[in-house]
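**Student:** Starting off with a structure, shown below.
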Number of protein chains: 2
Amino acid sequence: MRPVEEIAAALREKGLKLTPQRRLIIEVLSRDRSHPTVDEVYRQVLRTMPEVSRTTVYNTIREMTALGEIVEVQDYGDGGIRYDTSAEAHHHFFCRECRTLFDLDGDPPLPERYGGALEGAAIERQQLTVYGVCPGCLKKAR
Amino acid sequence: MRPVEEIAAALREKGLKLTPQRRLIIEVLSRDRSHPTVDEVYRQVLRTMPEVSRTTVYNTIREMTALGEIVEVQDYGDGGIRYDTSAEAHHHFFCRECRTLFDLDGDPPLPERYGGALEGAAIERQQLTVYGVCPGCLKKAR
DNA sequence: AAACTATGTAGTAACCATTATAAATAGAAA
DNA sequence: TTTCTATTTATAATGGTTACTACATAGTTT
């Protein structure tokens, strides 16, 4: 996620205001790289502003998603949609044991290698997810 | 998805029975390559057996997922989890305009290229999703 | 500064996909 | 047939998300 100042500028461009609640939610989002759910963001926000409503967190996260500042990631059915708050393109590894989504380094592969169906399409983003069992869970299994 | 006979064998191995309801649901699943939701499968099932309950469809799809016969794909928030019933490894293109998930051809990229975080992990499957706007929607936009 | 307007927030209720529960049913084994 | 177990059905409960309403706030104009 970009610095708060840049996001504030993007908000103003859309006619939106940088309220204290939005500022705090954006700060929490830009700090958290653990692919948090709305509820996890909400609980972090409450530590600083205990009177913020869940609705405001939902609204702000929806606005940030519309601005392209954050991105939804596969939620795997545990307690809600998860959000990726990292601006840099990167990939994921999902451990089916501990159900954690890890970030991977490295550049995305080129879409040209994936057949002719993409001819004439506008590519905006690509996301690789690798599934398996992480080293920690493999050790526990023994 | 594999032929019904092979799936029946996999069921028996787990001590599960191939009931008429399960057989029909599996047939619908193996026919449908459009990444259907549970409700879409349910409505197809009703055409042949109108008295099958939604719960049975949920249960059977959960069992098939546990057996690895089908796989959840990113649902993007429209009406439920979508399932991929294709046995062959392949990738997806998601059009953010018409919200359709297209299949792509081509081989998966090698996980070795994605950094050291995968050292010692057991890789089982990988899935690339390309995001953008499909040729049809691009034309309409003009 | 006061009044006006538009936007944002909070709280509650509604929504809908999914899961849990309990009763009815079917099929296999004895 | 009787019993036992797995399955199906119907309904209720759950939980994340959205809709709605009233109130508060910020920015602007006079």
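**Student:** Of all DSSP beta bridges in chain A, what percent run antiparallel (nearest 5)?
**Tutor:** On the way: 8 of 12 bridges.
Once the DSSP bridges in chain A are tallied, antiparallel ones form about 65 percent.
**Student:** Suppose only helical runs count, i.e. DSSP H with n ≥ 4. What mean residue ellipticity at 222 nm does that imply for chain A under -39500 (n - 2.57) per run, divided by all residues and rounded to the nearest 500 deg cm²/dmol? Mind dumping the intermediate values first?
**Tutor:** On the way: 5 runs with 54 residues, N = 142.
Calculated from helices alone, the mean residue ellipticity at 222 nm is -11500 deg cm²/dmol.
**Student:** With N residues in the stretch A:4-83, what two-decimal value do you get for its Cα radius of gyration over 2.2 N^0.38 Å? Walk me through the numbers before you get to the answer.
**Tutor:** Values: Rg = 12.1 Å, N = 80, 2.2 N^0.38 = 11.6 Å.
Taking N as the residue count of the stretch A:4-83, the ratio is 1.04.
**Student:** Find, among the GluC sites (Glu not before Pro) in the stretch A:48-87, those assigned to loop by DSSP (not H, G, I, E, B) with at most 16 other beta-carbon atoms within 10 angstrom. Write out the running numbers ahead of the final one.
**Tutor:** Numbers: sites: A:Glu51, A:Glu63, A:Glu69, A:Glu72; in loops: A:Glu51, A:Glu69.
The qualifying sites are A:Glu51.
**Student:** Another one. Please order B:Thr48, A:Thr60, A:Thr37 by the number of other Cβ within 10 Å, starting at the fewest. Walk me through the numbers before you get to the answer.
**Tutor:** Numbers: B:Thr48 11, A:Thr60 24, A:Thr37 17.
Least to most surrounded, the residues fall as B:Thr48, A:Thr37, A:Thr60.
**Student:** Further question on the same structure: Pairing rule first: another cysteine's C-beta must sit under 4.7 Å. Under that rule, which cysteines of chain B stay single?
**Tutor:** B:Cys98, B:Cys137
**Student:** Could you work out the equivalent-ellipsoid semi-axes for the protein assembly as shown, taking the square root of 5 times each eigenvalue of the Cα gyration tensor, largest first, in whole Å? Write out the running numbers ahead of the final one.
**Tutor:** Values: eigenvalues 245, 100, 96 Å².
In descending order the semi-axes read 35, 22, 22 Å.
**Student:** Compute the acute angle (0 to 90°) between the alpha-carbon long axis of helix B:54-66 and the principal axis of greatest extent of the alpha-carbon atoms of chain B; round to the nearest 10°.
**Tutor:** 60 degrees
**Student:** Loop-only check: which trypsin sites (Lys or Arg not before Pro) in the stretch A:32-76 are DSSP coil with at most 14 other Cβ within 10 angstrom?
**Tutor:** On the way: sites: A:Arg33, A:Arg43, A:Arg47, A:Arg54, A:Arg62; in loops: A:Arg33.
Listed in order of number, the matching sites are A:Arg33.
**Student:** Sticking with this one: Going by how many other Cβ atoms sit within 10 Å of their own, how do A:Ser30, A:Ser86 line up, fewest first?
**Tutor:** Listed from fewest to most nearby Cβ atoms, that is A:Ser86, A:Ser30.
**Student:** Enter the angle in degrees (range 0 to 90, nearest 10) between the Cα long axis of helix B:38-48 and the first principal axis of the Cα atoms of chain B, meaning the one along which they spread out most.
**Tutor:** Between the helix axis and the principal axis of chain B, the angle is about 40 degrees.
**Student:** Taking the 0 to 90 degree range and rounding to the nearest ten, how far is the long axis of helix B:4-13 tilted relative to the main principal axis of chain B, both from C-alpha atoms?
**Tutor:** In chain B, helix B:4-13 runs at an angle near 70 degrees to the longest axis.
**Student:** Measuring from a point 7 Å out along Cα→Cβ, what nm distances, shortest first, does A:Ile123 have to its partners in the other copies?
**Tutor:** 1.9
**Student:** In addition: Quick one: putting +1 on the C-beta of Lys and Arg, -1 on the C-beta of Asp and Glu, what dipole do you get for the stretch B:5-59 around its Cα centre, in Debye to the nearest 20? The partial results should precede the final answer.
**Tutor:** Working: 10 positive and 8 negative charges, 21 e Å.
Dipole size: approximately 100 debye.
**Student:** Another one. For A:Ser53, place a label point 7 Å from Cα along the Cα-to-Cβ direction in every copy; what are the distances to the other copies, in nm, shortest first?
**Tutor:** 3.8
**Student:** Nearest 20 debye, what's the magnitude of the dipole of the protein assembly as shown about its Cα centre given +1 on Lys and Arg Cβ and -1 on Asp and Glu Cβ? It would help to have the intermediate numbers written out before the result.
**Tutor:** Numbers: 40 positive and 44 negative charges, 155 e Å.
It comes to approximately 740 debye.
**Student:** If you don't mind, there's one more thing I want to ask. What are the extents of the Cα atoms of chain A along their three principal axes, in Å, largest first?
**Tutor:** 48, 45, 23
**Student:** Right, next: So who's got an amide H within less than 5 Å of the one on A:Val71, skipping anything under 5 residues away but keeping other chains? H placed 1.01 Å off N, in plane.
**Tutor:** A:Asp84
**Student:** Expressed as a whole number of Å, what is the distance separating the alpha-carbon centroids of the stretch B:45-93 and the stretch A:15-82?
**Tutor:** Each part's Cα centre sits 30 Å from the other's.
Read the figures in this text as sums done on the coordinates, not as results from a lab. Keep in mind that what you see is a predicted model, and the values were worked out from it rather than measured. No Cβ is skipped: glycine too gets one built from the backbone with ideal geometry, and neighbour counts run over all protein chains shown.
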